[in-house]
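Undergrad: Before we start, here is the structure in question, set down as structure tokens.
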Amino acid sequence: MVNPKHISLVLAFLFALSAGLIAQDGKAYAGVWEGRFKDSVFCVLKIEAGGKITGTLSAGNIKMNDEGELVEAEGSEKDFPILNPKLYEDRLTFDWKDEGDDTAVKFEMKLTGTGKAGLRLIFDGFRNFKPWLLTRK
């Protein structure tokens, strides 16, 4: 006998897959994504997904509060490559560092809808930061 809970889970998975919320390959993430703070672009993520995932991130100065929310942000004109991109069922992770960083910063990107995604910083041992809303241009 088929459990109705299993049917619901399978249907939810198929819906998420068809909506592009669960990526089978990097193509769902490909494109130019912008993050805005108070109507100004502070972050531009460019992703190419051919045989492998590559891209760049331009992120300016940001400031977060104790709750992990963005409270200040300004853009930058400099792009730096994303490093070590890894694709999981529902997210893309990558490292990034600009010219002034000694160590790379880890990011996680999750698709949240058509042309929308969340991008958040990941720090081992630190609080979870709230994702920044990205829209595909």
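Undergrad: Which order, highest average first, do 88-94, 130-136 follow once you tally other Cβ atoms within 10 Å for each residue and take the mean per peptide?
TA: Numbers: 88-94: 16.7, 130-136: 18.3.
My ranking of the peptides, most packed first, is 130-136, 88-94.
Undergrad: Among rounded, prolate and oblate, which fits the range 29-137 when a ≥ b ≥ c are the square roots of the eigenvalues of its C-alpha gyration tensor, a/c under 1.5 means rounded, and a/b larger than b/c means prolate? Show your work: numbers first, answer last.
TA: Numbers: a/c = 1.27, a/b = 1.21, b/c = 1.05.
It comes out rounded by the Cα gyration axes.
Undergrad: Another one. Taking square-rooted eigenvalues a ≥ b ≥ c of the alpha carbon gyration tensor, is the range 86-137 rounded, prolate or oblate, where a/c under 1.5 means rounded and, failing that, a/b exceeding b/c means prolate? Don't jump to the answer; show the numbers that get you there.
TA: Values: a/c = 1.88, a/b = 1.62, b/c = 1.17.
Prolate is the answer for the range 86-137, as a/c is 1.5 or above and a/b outweighs b/c.
Undergrad: So if each residue of separation counts as 0.36 nm, and I subtract the Cα-Cα distance between residue 101 and residue 52, what length gain in nm does that give? All intermediate terms of the calculation are to be shown ahead of the outcome.
TA: Working: separation 49, 0.36 × 49 = 17.64 nm, distance 2.53 nm.
Stretched fully, the residue 101-residue 52 segment lengthens by 15.1 nm.
Undergrad: Taking only protein heavy atoms into account and a 1.4 Å probe, give the accessible area per residue of the range 51-137 in Å². Present the calculation step by step, with values, prior to reporting the outcome.
TA: Details: 5400 Å² over 87 residues.
Roughly 62 Å² per residue, with all protein chains present.
The values are calculated or read from the model by the stated rules, or taken from the named source; none is laboratory data. Remember, it's a predicted structure, so these values are computed and weren't measured experimentally. Note that we place each Cβ from the backbone using ideal geometry, even for glycine, and neighbour counts take in every protein chain shown. Only protein heavy atoms, including side chains, enter the accessible area calculation; ligands, DNA and RNA are left aside. Shrake-Rupley method; radii C 1.70, N 1.55, O 1.52, S 1.80 Å.
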